[in-house]
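Participant: Structure in structure tokens, see below.
The values are calculated or read from the model by the stated rules, or taken from the named source; none is laboratory data. A quick note: this is a predicted structure, and the numbers were derived from the prediction, not measured. Methodologically, a virtual Cβ is constructed for each residue, glycine included, from the backbone with ideal geometry; neighbour enumeration extends over all protein chains shown. All accessible areas refer to the heavy atoms of the entire protein, side chains included, with ligands and DNA or RNA removed. Shrake-Rupley method; radii C 1.70, N 1.55, O 1.52, S 1.80 Å.
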Amino acid sequence: MLEIKNLHASIDDTKILKGLNLSVSAGEVHAIMGPNGSGKSTLASVIAGREDYDVTDGEINFGGSELSDLGPDERAREGIFLAFQYPVEIPGVSTTNFMKTAVNQVREANGEKPLDAVQFLKLMKEKMKLVNIKQELLSRSINEGFSGGEKKRNEIFQMAMLEPKLAILDETDSGLDIDALKIVSNGVNALKSNENATVVVTHYQRLLDYIVPDFVHVLMDGKIVKSGDKNLALELEEKGYDWIKVKN
Amino acid sequence: MSKDDKILKEFTSKEYEHGWSVDFDVDQAPKGLNEDIIKLISSKKEEPKWLLDWRLKAFEHFKKMSEPEWSNLNIPKIDYQDISYYSAPKKKKMLKSMDEVDPELIETFEKLGISLLEQKRLSGVAVDAVIDSVSIGTTFKDKLSELGIIFCSFSEAVKEYPELVKKHLGKVIPAKDNYFACLNSAVFSDGSFCYIPKGVRCPMELSTYFRINASNTGQFERTLIVADEGSYVSYLEGCTAPMRDENQLHAAVVEIHAEKDAEVKYSTVQNWYPGDKNGKGGIYNFVTKRGICNGSNSKISWTQVETGSAITWKYPSCILRGDNSVGEFYSVAVTNNYQQADTGTKMIHIGKNTKSKIISKGISAGHSHNSYRGHVNVLKRAKNSRNFSQCDSLLLGNKCGAHTFPYIDIENKSSMVEHEATTSKIGEDQIFYCLQRGIDEENAIALIVNGYAKEVLKQLPMEFSVEAQKLLSLTLEGSVG
């Protein structure tokens with residue numbers, strides 16, 4: 001589904017990704033771990049197509065098409081979803097309105113009819129249950145005055161609404177208490193299928209107790225330096241990132 | 001051709017080419033401004049002598065005045081002699097009801113999205129339509145007259161209700177008030193008149209649509225609204241014009257009287273032709289709007305969505321004379337390409353415990369300039385008065401300008417005035433967030449801008465609010481990237 005080869009990316013002439021390779025197939029959950037500044041969030045942003053980053057070399061292939069030719073909105077319509085580490089506030093725009101615009105534009109791109117108000121509300125009600133989110137929150141300006149937990153639940157709610165092929169969760173666990181972490185993880189797990197894939201970007205092993213990865217990759221200094229199964233995450237938790245540094 | 005051009009064209013020129021200027025016989029005065037023209041206008045309208053005298057007096061004064069230069073606008077020289085001051089679709093006979101209105105005309109309005117019949121049927125909005133200089137037809141007249149509400153063209157009011165007109169005309173905006181109001185006083189052709197009697201709550205929105213059609217004409221309409229004690233009315237005004245290369249002049253006057261316990265809500269969606277992408281053509285919109293809260297506990301609320309015109313010069317204001325009276329001003333002004341807007345309000349606090357609120361949202365894109373200009377004046381006897389002002393500016397791109405000129409004068413110690421102002425650029429983070437959800441850039445900007453202006457848009461009546469949101473998106477399409 002996702003094939004990244006020798007990816008080099010920089011921001012303001014600072015090289016961040018330095019030859020990264022990653023292969024994700026449908027039905028898989030991958031965890032990307034690594035210390036601060038290793039390039040985890042950059043990787044998430046580059047896949048999503050954020051224009052602040054320059055891809056200087058390598059390729060990202062998604063479902064058979066080369067992503068570098070596509071803008072971020074086109075990538076999203078192809079089925080890439082990014083759950084933001086810091087969800088953005090848009091004053092005066094409710095989540096409901098935001099999602100209605102998004103869902104219908106994605107449908108339009110896929111040659112489907114837009115949902116009318118009744119159909120949309122029905123879909124929303126269904127997805128709200130997944131992350132235990134209240135209607136009242138969705139009627140408020142998106143992310144404005146939301147708690148950390150509400151913001152992250154709102155991200156997963158949007159993911160549920162858009163049903164992406166590839167979901168990238170960027171530090172979704174940061175700022176969450178244990179209850180919120182469970183709710184968010186349950187939502188992500190409920191959305192898993194043989195047709196989609198999830199890439200979890202995280203600092204800590206904690207999240208992986210709830211969203212169990214098939215593969216764990218350690219990202220350091222812009223490269224994946226070690227890959228393994230979920231036990232690698234446990235080992236990292238125990239020994240710290242220095243363990244890998246020393247080995248290298 | 002970009003999408004917004006297409007839609008704009010749909011809105012204006014296309015119907016125009018195929019529509020009415022071919023089919024209509026137009027009665028147009030020769031170009032030029034002089035006493036004879038004013039006499040001609042007055043006689044065309046079969047006006048009484050007092051009104052002609054009032055016009056001529058205004059004109060005498062106008063000759064001594066010069067164009068105001070204090071605004072933050074770059075106004076090209078206007079040749080006032082090169083304008084026709086009267087233009088009317090020729091009427092075959094007097095219209096008694098909407099059924100007698102030329103079907104061609106109704107069809108044209110429908111194409112413009114201003115369906116008199118549709119509005120009449122569906123929303124129960126009473127509409128008065130003014131094309132070029134003449135009021136075309138007022139819907140729902142019978143139903144309103146049962147309640148004693150008068151809603152008709154200005155010329156009709158002069159004939160049918162001369163005392164009411166004479167009593168209120170020029171009382172809030174004297175003929176000599178300013179250059180453009182003075183010009184209007186001399187040459188105004190038509191407009192709407194509205195009177196709500198004591199204790200009556202007008203059961204429907206009253207609405208006027210203005211349209212400039214003929215070329216080389218100016219439109220100088222005059223609206224007068226009188227809300228008697230304890231009455232309520234919500235009044236809507238919409239404006240459109242076809243695309244033309246040359247600039248056209250629009251200098252309107254709106255006067256509002258609110259007596260004791262009366263409330264008037266006045267909403268405008270102004271969509272005059274703004275000129276093309278290079279700033280060619282477009283309407284010069286120099287409008288004087290002012291209301292007086294004459295009695296205690298009265299309220300006047302102005303809501304405006306300004307998207308059109310090459311130049312906008314407009315300050316809907318409130319004179320808060322009655323004790324405990326309230327004035328409000330809600331404004332969204334959008335400028336794109338080479339548009340210029342200098343708009344805001346004046347709140348003059350005279351009565352005790354008077355309150356005013358100003359919410360202004362400016363949005364600038366392209367090479368445009370957008371200024372907020374406001375004056376809050378609390379006089380000595382206006383004890384315990386309050387004002388709250390919030391002026392926000394949003395910039396799209398880096399070639400446009402946003403300016404704020406707040407003037408505050410407080411002459412007593414018991415009053416309180418608050419002023420907040422912000423200027424922001426539309427956030428790249430916000431746009432990326434939208435893009436990442438599959439929303440394209442045009443829709444993302446429309447969404448963010450409508451959210452930004454929501455506080456003002458929600459003041460508009462429902463049908464208008466939808467129209468306004470569409471217009472905002474339309475005006476800004478293609479402004480980023």
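Participant: So what does B:R386 come to for accessible area, using a 1.4 Å probe and Å² rounded to 10?
Facilitator: 120 Å²
Participant: Taking the Cα atoms of the range A:128-179, report the difference between the largest and smallest coordinate on each principal axis, in whole Å and largest first.
Facilitator: Result for the range A:128-179: principal-axis Cα extents of 28, 22, 19 Å.
Participant: Would you kindly give the portion of the calculated P(r) for the protein assembly as shown that falls above 46 Å, as a percent of all Cα pairs?
Facilitator: Counting every Cα pair in the protein assembly as shown, those more than 46 Å apart make up 33 percent.
Participant: Can you give the FRET efficiency to the nearest 0.05 for A:K5 and A:K245, using r as the Cβ-Cβ distance and R₀ = 25 Å?
Facilitator: Efficiency, rounded to the nearest 0.05: 0.50.
Participant: Going by Cα centres, the range B:260-309 and the range A:77-99 are how many Å apart?
Facilitator: When both Cα centres are located, 35 Å separates them.
Participant: Rounded to the nearest 20 debye, what is the charge dipole size of the protein assembly as shown about its Cα centre when +1 sits on each Lys and Arg Cβ and -1 on each Asp and Glu Cβ?
Facilitator: 2300 debye
Participant: Separate question: Give the calculated FRET efficiency between B:K458 and A:E235 to the nearest 0.05, with a Förster radius of 45 Å applied to their Cβ-Cβ distance.
Facilitator: After rounding to 0.05, the efficiency reads 0.20.
Participant: Sorted by accessible area (1.4 Å probe), largest first, how do B:I150, A:I224 line up?
Facilitator: Largest to smallest exposure gives the sequence A:I224, B:I150.
Participant: Determine how large the accessible area of A:E144 is when every protein chain is in place; take a 1.4 Å probe and give Å² rounded to the nearest 10.
Facilitator: So the heavy atoms of A:E144 present about 70 Å² to solvent.
Participant: With viscosity set to 1.306 mPa s and temperature to 10 °C, compute the Stokes-Einstein D of the range A:71-136, Rh being the Kirkwood radius across alpha carbon pairs; µm²/s, no decimals.
Facilitator: 119 µm²/s
Participant: Tally Lys and Arg at +1 and Asp and Glu at -1 over the other residues with C-beta under 14 Å from the C-beta of A:N196: what net charge comes out?
Facilitator: Residues near A:N196 contribute -3 overall.
Participant: For a paramagnetic label modelled at 7 Å from the Cα of B:K171 toward its Cβ, which residues of the range B:184-204 fall within the zone defined by backbone nitrogen distances under 16 Å?
Facilitator: So the set is B:193-199.
Participant: Run the quick spin-label model on A:E126 and A:E51: label points 7 Å from Cα toward the beta carbon, then report their separation in nm to one decimal.
Facilitator: Modelled inter-label distance: 3.5 nm.
Participant: For chain A, what are the DSSP H helices with axial Cα length of 15 Å or more and mean Kyte-Doolittle hydropathy of at least -1.0? Before the final figure, lay out the partial values.
Facilitator: Numbers: long enough: A:95-109 (21 Å, -0.52); A:117-131 (22 Å, 0.37); A:148-162 (22 Å, -0.69); A:178-191 (20 Å, 0.93).
Membrane-span-like by this rule: A:95-109, A:117-131, A:148-162, A:178-191.
Participant: How big is the charge dipole of the range A:116-230 about its Cα centre, in debye rounded to the nearest 20, if each Lys and Arg gets +1 on its Cβ and each Asp and Glu gets -1 on its Cβ?
Facilitator: Working: 16 positive and 17 negative charges, 40 e Å.
Charge dipole, the range A:116-230, about its Cα centre: 200 debye, nearest 20.
Participant: What translational diffusion coefficient, in µm²/s and rounded to a whole number, does the Stokes-Einstein relation yield for the range A:41-83 at 10 °C and a viscosity of 1.306 mPa s, taking the hydrodynamic radius as the Kirkwood radius over Cα pairs?
Facilitator: This corresponds to a translational diffusion coefficient of 151 µm²/s.
Participant: What base-10 log of the normalised intensity I(q)/I(0) is obtained for the range B:358-481 from the Debye formula, alpha carbons as equal point scatterers, at q = 0.17 Å⁻¹?
Facilitator: -0.91
Participant: Over all directions, average the projected area of the Cα convex hull of chain A and note it in nm².
Facilitator: 13.3 nm²
Participant: How many nm separate the modelled label positions at A:V118 and A:E195, each set 7 Å beyond the Cα in the direction of the Cβ?
Facilitator: So the label points at A:V118 and A:E195 sit 2.6 nm apart.
Participant: Quick one: ranking B:E237, B:E229 by accessible area, 1.4 Å probe, largest first, what do you get? Show your work: numbers first, answer last.
Facilitator: Numbers: B:E237 10, B:E229 80 Å².
The most accessible residue leads, giving B:E229, B:E237.
Participant: Here is a further query. In Å, what Kirkwood hydrodynamic radius results for the range B:159-200 from the alpha-carbon pair distances? Kindly include the intermediate steps, with their values, before the conclusion.
Facilitator: Numbers: mean 1/r = 0.0844 Å⁻¹.
Value: 11.8 Å, from the Cα pair sum.
Participant: Report, in cubic angstrom per residue, the convex hull volume of the C-alpha atoms of the range A:99-232.
Facilitator: 134 Å³
Participant: Charges on Cβ only, +1 for Lys and Arg, -1 for Asp and Glu, centred on the Cα centroid of the protein assembly as shown; of B:L183, A:Y204, B:G351, which one is farthest towards the dipole's positive end?
Facilitator: The Cα lying farthest towards the positive end belongs to B:G351.
Participant: Let me ask another. Modelled label-to-label distance, B:H375 and A:S139, 7 Å Cα→beta-carbon offset: nm?
Facilitator: 4.3 nm
Participant: Among B:G322, B:Y266, A:P72, whose Cα lies farthest out toward the positive end of the dipole of the protein assembly as shown, if unit charges sit on the beta carbon of Lys, Arg (+1) and Asp, Glu (-1)?
Facilitator: Working it through, the farthest residue towards the positive pole turns out to be B:G322.
Participant: Which sequence of A:T95, A:T101 reflects their accessible areas, 1.4 Å probe, from the largest down?
Facilitator: From most exposed to least exposed: A:T101, A:T95.
Participant: Could you tell me the center-to-center distance, by alpha carbons, between the range B:345-361 and the range B:153-195 in angstrom?
Facilitator: Centre-to-centre distance over Cα atoms comes out at 25 Å.
Participant: Below 8 Å, C-alpha to C-alpha, sequence gap of six or more: please give me the relative contact order for chain A in percent.
Facilitator: Details: 430 pairs, mean separation 70.2, N = 248.
Relative CO of chain A lands at 28 percent.
Participant: Here is a further query. Enter the Cα centre distance for the pair the range B:417-481 and the range B:385-400, rounded to the nearest angstrom.
Facilitator: Between the Cα centre of the range B:417-481 and that of the range B:385-400, the gap is 14 Å.
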